[in-house]
Amino acid sequence: MLFFIDTANLDQIREAAALGILDGVTTNPSLMAKEGITGEANVLKHYRDICEIVGEDRDVSAEVIATDFKGMVEEGKRLAELHENIVVKVPMTPDGVKAIAHFTEIGIRTNCTLVFSAGQAILAAKAGATYLSPFVGRVDDITWDGIALIKEISEIYDMQAYETAILAASIRTPLHIVQAAKAGADVVTCPLPAIMGLFKHPLTDIGLAQFLADHKKANG
Ligand code: G3P
């Protein structure tokens, strides 16, 4: 399973990249706004900066703001031209699916976002989306089961031999990451605290303290 970080914060992207386990970055308009990145020129520069931080062969999802087919195609092409890492993120709407099918035809990679059902997952796969982003946490928020959705889509994609990669998004906790892996996600995109939470285990801390104490006792 690939690990992406879900943020537009450059320091957090650097911190995750320094761990040596980062495969990519996802952003969305809310995350860009949170960092105070406004205006097209600044947004494009920020995407370029993210691509430079993560280095070669790492995917960086950049979301279109346009909601009509023509606008999405124009904006997506501008984003794709920015850097070879860019994957164009497109919402799950009829125009979005049409744009994904067009991008597939011309060789631009896509991430279909705002996915909340298996039916939507089938549409995105048919259009040839590179990635599919089901929003685990937001499904949980309405007391449905986000991880069950990942499992359902994974079963369908395996059965139908769809090549679209399942990118579990709206991940909120370290447990979500483990559950997404078990449910068949190909990629998980998470905030930095959820990634760092995976490290935590009291027996690791106790064991390390014991090893160091024994070493000190023996070596002075
Ligand atoms: O990748 C989508 C993600 O950013 C949404 O997360 O926590 O706002 O539901 P959240």
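The values are calculated or read from the model by the stated rules, or taken from the named source; none is laboratory data. This is a predicted model, so every value here is computed, not measured. Note that we place each Cβ from the backbone using ideal geometry, even for glycine, and neighbour counts take in every protein chain shown. Protein only, heavy atoms only, side chains kept; ligands, DNA and RNA dropped before computing areas. Shrake-Rupley method; radii C 1.70, N 1.55, O 1.52, S 1.80 Å.
Connecting C-alpha atoms closer than 10 Å in a GNM of the chain, tell me which of L79, L167, L44 has the biggest fluctuation.
L44
With angles folded into 0 to 90 degrees, how steeply does helix 40-54 sit against the dominant principal axis of the chain? Use alpha carbons for both and round to 10.
That helix lies at roughly 40 degrees to the long axis.
For C190, list long-range residues whose amide hydrogen, built 1.01 Å from N in the peptide plane, is under 5 Å from its own amide hydrogen.
F4, I5, D6
Among the listed pairs K45/K70; K89/K200; K77/K126; K45/K151; K45/K89; K45/K126, which are separated by more than 28 Å between their Cα atoms? Before the final figure, lay out the partial values.
On the way: K45/K70 23 Å; K89/K200 32 Å; K77/K126 21 Å; K45/K151 37 Å; K45/K89 17 Å; K45/K126 32 Å.
Violating the 28 Å limit, Cα to Cα: K89/K200; K45/K151; K45/K126.
What angle, in degrees between 0 and 90 and rounded to the nearest 10, separates the Cα long axis of helix 146-160 from the longest principal axis of the Cα atoms of the chain?
60 degrees
Along the stretch 120-126, what does the Karplus equation 6.51 cos²θ - 1.76 cosθ + 1.60 (θ = phi - 60°) give for ³J(HN,Hα), rounded to whole Hz, x for Gly and Pro?
5, 5, 5, 4, 5, 5, 4
So what's the angle, to the nearest 10 degrees on a 0 to 90 scale, between helix 94-105 and the longest Cα principal axis of the chain?
Roughly 80 degrees between the two axes.
Out of residues 5 or more away from A165 or on other chains, whose amide H comes under 5 Å of its own, with H placed 1.01 Å from N in the peptide plane?
Y131, L132
Rounded to whole Hz and in sequence order, give me ³J(HN,Hα) for the stretch 71-87 from the Karplus expression 6.51 cos²θ - 1.76 cosθ + 1.60, θ = phi - 60°, writing x for Gly and Pro.
x, 5, 5, 4, 5, x, 5, 4, 5, 5, 6, 4, 6, 5, 6, 5, 10
Using Cα pairs under 8 angstrom and six or more residues apart, how large is the relative contact order of the stretch 1-123, in percent?
Values: 177 pairs, mean separation 23.2, N = 123.
After rounding, I find 19 percent.
Per DSSP helix of 4 or more residues, -39500 (n - 2.57); summed, then divided by the residues of the chain. What does that give at 222 nm, rounded to the nearest 500? Before the final figure, lay out each step's value.
Values: 11 runs with 120 residues, N = 220.
Mean residue ellipticity at 222 nm (helix-derived): -16500 deg cm²/dmol.
Give me, ordered by chain and number, the residues 5 or more places off I86 or on other chains with an amide H under 5 Å from its own placed amide H.
Counting only residues 5 or more places away or on other chains, the set is V60.
Rounded to the nearest 10 Å², what accessible area does H201 have for a 1.4 Å probe in the complete protein model?
90 Å²
Averaging sequence separations of C-alpha pairs under 8 Å and six or more residues apart, then dividing by the length of the chain, give the relative contact order as a whole percent. Show your work: numbers first, answer last.
Numbers: 379 pairs, mean separation 35.8, N = 220.
The normalised contact order for the chain reaches 16 percent.
Treating cross-link reach as a plain straight distance, find the aspartates and glutamates whose alpha-carbon is under 15 Å from the alpha-carbon of K182, omitting any fewer than eight places away in the same chain.
D145, E152, E155, D158
What ³J(HN,Hα) values, in whole Hz, does the Karplus curve 6.51 cos²θ - 1.76 cosθ + 1.60 give for the stretch 109-119 when θ = phi - 60°, with x put for Gly and Pro?
Whole-Hz 3J(HN,Hα) from phi for the stretch 109-119: 6, 9, 10, 7, 10, 6, 9, 10, 8, 5, x.
At q = 0.09, 0.15, 0.17 Å⁻¹, what log₁₀ I(q)/I(0) does the chain have when each alpha carbon counts as one equal point scatterer in the Debye sum?
At q = 0.09, 0.15, 0.17 Å⁻¹ the computed log10 ratios are -0.38, -0.94, -1.18.
Highest mean first, how do 185-196, 15-26, 104-115 rank when packing is the count of other Cβ atoms within 10 Å averaged over residues? Walk me through the numbers on the way to the answer.
Numbers: 185-196: 21.3, 15-26: 17.5, 104-115: 19.7.
The most tightly packed comes first, giving 185-196, 104-115, 15-26.
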